[in-house]
1. Take Arg219 and decide whether it is within 20 Å of the chain's Cα centre (by Cα) and farther than 24 Å from Phe105 by Cα.
2. Go through region 236-255 and count every residue that is over 17 Å from Glu205 (Cα atoms), under 35 Å from the mean Cα position of the chain (by Cα) and not β-branched (Val, Ile, Thr).
3. Can you give me the number of residues within region 228-247 that are in contact with a strand residue (DSSP E or B) (Cβ under 9 Å, 6 or more places away or on another chain) and either small (Gly, Ala, Ser) or under 19 Å from Leu174 (Cα atoms) (or both)?
4. Filter region 225-241 for residues that are surrounded by 10 or more Cβ atoms within 10 Å (Cβ to Cβ) and either of a type outside the set (D, E, K, R) or free of Cβ contacts under 8 Å to residues at least 40 places away in the same chain (or both) and give the result.
5. Given (1) modelled with pLDDT under 95; (2) in contact with a Gly (Cβ under 8 Å, 6 or more places away or on another chain); (3) surrounded by 17 or more Cβ atoms within 10 Å (Cβ to Cβ), where does Tyr141 come up short, assuming only one miss?
6. Is there a residue in region 165-184 that is within 15 Å of Ala136 (Cα to Cα), surrounded by 16 or more Cβ atoms within 10 Å (Cβ to Cβ) and not aromatic (Phe, Trp, Tyr)?
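The values are calculated or read from the model by the stated rules, or taken from the named source; none is laboratory data. It should be emphasised that the depicted structure is a prediction, and the values quoted were computed from it without experimental measurement. Every residue, glycine among them, receives a Cβ derived from its backbone with ideal geometry; neighbour counts consider all protein chains shown. Accessible surface areas use protein heavy atoms only, side chains included; no ligands, DNA or RNA. Shrake-Rupley method; radii C 1.70, N 1.55, O 1.52, S 1.80 Å.
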Amino acid sequence: MVLGGLVLVTAKPAASHGEVSYDRIPFTDASCRKDTDVRADTEDLERLKELCNANPDCGGFTSAGVLKSDVGVPCRSNDNHTDLFVKARRTAAGQAPITPHPQTFTMGQQQAVMSSQFQFATKTSSADVEKFMSDAASRQYALIVSHRTAASNASGGLSGLYFYVSSSSLDLNLDTDESYSLSIPASGLAEIHASTVFGALRGLESFSQLVTFETATQRYVVNSVPWSITDKPRFRHRGILLDTSRHYHSIPVIK
């Protein structure tokens with residue numbers, strides 16, 4: 001059933017890299033509903049968990065039986081009747097919540113909190129590489145910290161991410177080395193070592209997938225630290241799917 005932009009399904013959820021659990025935030029204002037929210041036909045918490053688990057667009061639900069697609073900034077009030085349950089994906093033992101799954105990695109059991117003064121820096125002898133990575137980090141950071149947070153001055157143990165890039169080349173071809181190694185400690189600086197900027201980009205993407213926003217604490221964290229990841233693309237080539245069924249293009253035009 002489609003209602004308000006959120007699809008309500010009852011199928012068994014697909015397997016994932018992590019176990020789905022829910023963080024309870026008490027006394028959330030039930031009137032803070034959005035067009036994408038869906039009212040379920042039940043207020044049973046276990047049933048609501050099943051419905052939310054089965055829908056990747058569901059970010060949580062309220063005890064009043066409302067499935068919510070956006071739980072980044074919950075509204076609060078003095079209403080003591082409605083709680084918000086926020087979907088929180090926990091890392092399962094032996095699994096990294098990264099797609100594609102890295103080839104080799106080790107993980108710990110601690111949590112690192114990202115500092116609000118988190119910084120990126122590139123260690124390279126090339127000004128072009130430094131600018132390339134600075135622009136890439138700025139774009140990615142805007143996606144990582146997309147939630148508004150009241151903890152804008154929160155201190156954290158993870159203070160920055162440094163890129164170490166040995167090659168000054170910005171050329172991308174089938175022979176480009178896109179391998180990288182990523183280390184994330186419980187505190188201090190995370191590091192990405194790569195031969196080329198493209199390997200550093202792959203490491204940056206993996207780092208971004210490990211960052212989680214905690215709604216209850218309004219903090220950005222990395223779970224299961226310390227991380228040590230070594231990875232590279234499985235194939236040298238890339239694939240693309242071009243669907244021209246509604247707008248036909250001839251082969252010469254596509255070429």
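1. On the way: within 20 Å of the chain's Cα centre (by Cα): yes; farther than 24 Å from Phe105 by Cα: yes.
It is true that Arg219 is within 20 Å of the chain's Cα centre (by Cα) and farther than 24 Å from Phe105 by Cα.
2. Our first condition is that a residue be over 17 Å from Glu205 (Cα atoms); within region 236-255, this holds for 236-237, 239-255.
Okay, now just the ones that are also under 35 Å from the mean Cα position of the chain (by Cα), so 236-237, 239-247, 254-255.
Still in the running and not β-branched (Val, Ile, Thr): 236-237, 239, 241-243, 245-247, 255.
So the count comes out to 10.
3. Residues of region 228-247 in contact with a strand residue (DSSP E or B) (Cβ under 9 Å, 6 or more places away or on another chain): 228-232.
Filter once more, so that each one left must be either small (Gly, Ala, Ser) or under 19 Å from Leu174 (Cα atoms) (or both): 228, 231-232.
Here the count works out to 3.
4. Quick first cut of region 225-241, residues surrounded by 10 or more Cβ atoms within 10 Å (Cβ to Cβ) only: 225-233, 236.
Within region 225-241, Val225, Pro226, Trp227, Ser228, Ile229, Thr230, Pro233 meet the criteria.
5. That leaves (2) as the condition not met.
6. Within region 165-184, one or more residues are within 15 Å of Ala136 (Cα to Cα), surrounded by 16 or more Cβ atoms within 10 Å (Cβ to Cβ) and not aromatic (Phe, Trp, Tyr).
Listed here are the residues, each with its yes/no results for (1) open to solvent by 80 Å² or more (accessible area, probe 1.4 Å); (2) modelled with pLDDT under 85; (3) of a type in the set (Lys, Arg); (4) in a helix (DSSP H, G or I).
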position	(1), (2), (3), (4)
Leu204	no, no, no, yes
Thr217	no, yes, no, no
Asn223	no, no, no, no
Asp243	yes, yes, no, no
His247	yes, yes, no, no
Pro252	yes, no, no, yes
